[in-house]
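The values are calculated or read from the model by the stated rules, or taken from the named source; none is laboratory data. Here the structure is a predicted model, which is why all the values come from computation and not from measurement. Neighbour counts are summed over all protein chains in view; Cβ atoms, including those assigned to glycine, are modelled from backbone coordinates with ideal geometry.
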Amino acid sequence: MRPILKNKFYLYLTEFFAGMSVMAVELGASRLLAPYFSSSQIVWTIIIGTIMIAMALGNVYGGRMADKDPNPDKLYRRILIAAVWIALIPAVGKYVILGISALLIFTVNTNYLIWAAFAACMVIFVFPLFLLGTVTPSLAKYTMENLEDNARIVGTLGAANTIGSIIGTFVPTFVTIPAVGTSITFLIFSGILLLLALLYFFSGKGKKGGAVAAILLFVLASALGWRSNFAFWKTDLRYEGESVYNYLQVEETEDSVILSTNVLFGVQSILPKNACFTGMYYDYAMAAPYLAGAAEKQAAGEDFDLLVLGMGSGTYGSQCAAYLPGLKVEGVEIDRKITDLAREYFAMPAELPVAEYDGRAFLNAVDRKYDVIMVDAYQDITIPFQMASVEFFTLVREHLKDGGVMVVNMNMRGTREGNINQYLADTISAVFSQVWTVDVPRNTNRELFASNDPEMIDRLSRNLELLEDGELRGLLTRVSAGLSRYERGPYRMTDDKAPVELLSMQVIDELIRDEVAYYRGVYEQYGLEGLVASVQ
């Protein structure tokens, strides 16, 4: 036995850092998967479930091995392997995720998100965490000298693991991921495990070839992964980074500057360079101020107040302000980093007030009323349930002026009965008497306008007549022609029951089936070679 094992503090330190690393890897896993699969409760459930499976199997295996062959070299060799594996995740993890996604997209017809995220977790994270799961039972074997104090030793080991897990929960979330990113976070905790194992192997006589090989692999993994980017197929990003809440990227093209928080699920905000309109849902949502009588109030010199819940980089507020001089715009954005990027890259005025709040918490905290409230907090499958319930929309209604209008961007249009948009629209219809929707052409967005004023649609027609800008009048005329009154159905979401993730996942399945139907047919008829030829 190596001399370092006589030091009980070192053994407890091993337990402490093993617990810390498990939680750090779990949180890193959520950030690694989020740009591809979202950060919804479904994905979190998959991450937690697979990691618990790995830890349980590791506990069983570690206990059996400690009884069968109580050689501490094998435990610390497993820690070395886990450290190197974790170090390799930033370099190869994204390719594994996309490879699994590409394979499953042609073979899975339903619950694609669940299967893809589960398979990615199993391949990337289960093995190293299985190895770390062997630490506790093995250390219990090495630290016990007699049976009189075995309960105390097990309790102390458990406490060391728990305290490490607590620190491993807070440090990545509030320190390393926002400061240096997910990739370096993996490398930091991999390095801690590596150092812990190296202390063991270099503390006495014995073979050190495995330790040297682990050092070389760690250096190689660090060189390949320390600046790893999620959207590795893009080389012209103005900015790529992470905040407490999101992965963030800013891309600039010839026509626009684009903010994305999820590389596979579209654009969150956009700043056109040479056009007034974006060609996206923001244009259709501009009908809301005119449904609330903005042109009439402007002509009469009255104030008009707009609140955007989910401000992003300010696309909607800026667009409305460009056509309504004197419009008072106020934003709510939970992610401070997005607001900073908006001011740096998207020309958001420094004086424009943006509260760093959850949208619902903001409404609970203020007494002001607004002419228009834009709800734009839904991103792919990640729909905050607390902003999709009867209670939330009632709160919005209470913050609208007489004749005020709420506009909601529903970003995934479904076709099957009981889809997420039906649930949202039915829920809103339980609060507002006037609910109208319009589909945005050439994308999956649907805009919903709600009010308790029965003159809302007539007011839009009157306000259109006051518009001097022909391009805007033409756009809003098309929106007006596409509006259809929504008839309330049986679905309803409350704070107690709002299955937004499962409902959204159903729509994603539909979208994926529609998108890959052609290529799946090519693959089934001509095989892989035919598929490759069809995309070249």
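Residue-level check: of (1) outside any helix (DSSP H, G or I); (2) surrounded by fewer than 18 Cβ atoms within 10 Å (Cβ to Cβ), Ser39 misses just (2).
Yes/no per residue for (1) among the hydrophobic types (A, V, I, L, M, F, W, C); (2) in a helix (DSSP H, G or I); (3) without any contact (Cβ under 8 Å) to a residue 24 or more places away in the chain; (4) out of contact with any Gly (no Cβ under 7 Å at 6 or more places or on another chain):
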site: Ser30; (1), (2), (3), (4): no, yes, yes, yes
site: Leu33; (1), (2), (3), (4): yes, yes, no, yes
site: Trp44; (1), (2), (3), (4): yes, yes, yes, yes
site: Met55; (1), (2), (3), (4): yes, yes, no, no
site: Gly62; (1), (2), (3), (4): no, yes, no, no
site: Gly93; (1), (2), (3), (4): no, yes, no, yes
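Can you name every residue in the stretch 328-340 that is of a type outside the set (Lys, Arg) and in contact with a strand residue (DSSP E or B) (Cβ under 6 Å, 6 or more places away or on another chain)? Those that are of a type outside the set (Lys, Arg) and in contact with a strand residue (DSSP E or B) (Cβ under 6 Å, 6 or more places away or on another chain): Val329, Glu330, Gly331, Val332, Glu333, Thr339.
Apart from one condition, Thr278 fits all of (1) β-branched (Val, Ile, Thr); (2) surrounded by fewer than 24 Cβ atoms within 10 Å (Cβ to Cβ); (3) out of contact with any helix residue (DSSP H, G or I) (no Cβ under 7 Å at 6 or more places or on another chain); the exception is (3).
Here is the figure for the stretch 411-437: residues that are among the hydroxyl-bearing types (Ser, Thr, Tyr) and within 22 Å of Ala287 (Cβ to Cβ) total 4. Of all the listed residues (Ala66, Ala24), the sole one being more than 27 Å from Ser183 (Cα to Cα), surrounded by 17 or more Cβ atoms within 10 Å (Cβ to Cβ) and touching a Ser or Thr at 6+ places or on another chain (Cβ under 8 Å) is Ala66. The residues of the stretch 415-428 that are assigned to a helix (DSSP H, G or I), of a type in the set (S, T, N, Q) and out of contact with any Gly (no Cβ under 8 Å at 6 or more places or on another chain) amount to a single one, Thr427.
With respect to the conditions (1) of a type outside the set (Val, Ile, Thr); (2) under 21 Å from Pro289 (Cα atoms); (3) in a loop (DSSP other than H, G, I, E, B), Trp436 lacks only one, and its number is (3). Filtered by the rule that a residue be surrounded by fewer than 22 Cβ atoms within 10 Å (Cβ to Cβ) and either outside the structural domain of Val500 (by TED's automatic domain parsing) or over 25 Å from the mean Cα position of the chain (by Cα) (or both), the stretch 417-435 gives Glu417, Asp426, Ser429, Ala430, Val431, Ser433, Gln434. Residues in the stretch 453-500 that are assigned to a loop (DSSP other than H, G, I, E, B) and among the aliphatic types (A, V, I, L, M): Leu467, Leu483, Met493, Ala498. Is there a residue being part of a helix (DSSP H, G or I), under 23 Å from the mean Cα position of the chain (by Cα), assigned by TED's automatic domain parsing to the domain that holds Val22 and in contact (Cβ under 8 Å) with a residue 40 or more places away in the chain anywhere in the stretch 72-81? No; the residues of the stretch 72-81 include none that is part of a helix (DSSP H, G or I), under 23 Å from the mean Cα position of the chain (by Cα), assigned by TED's automatic domain parsing to the domain that holds Val22 and in contact (Cβ under 8 Å) with a residue 40 or more places away in the chain.
Hey, does the stretch 251-259 have a residue that's within 20 Å of Met456 (Cβ to Cβ), surrounded by 20 or more Cβ atoms within 10 Å (Cβ to Cβ) and of a type in the set (A, V, I, L, M, F, W, C)? Checking the stretch 251-259: not a single residue is within 20 Å of Met456 (Cβ to Cβ), surrounded by 20 or more Cβ atoms within 10 Å (Cβ to Cβ) and of a type in the set (A, V, I, L, M, F, W, C).
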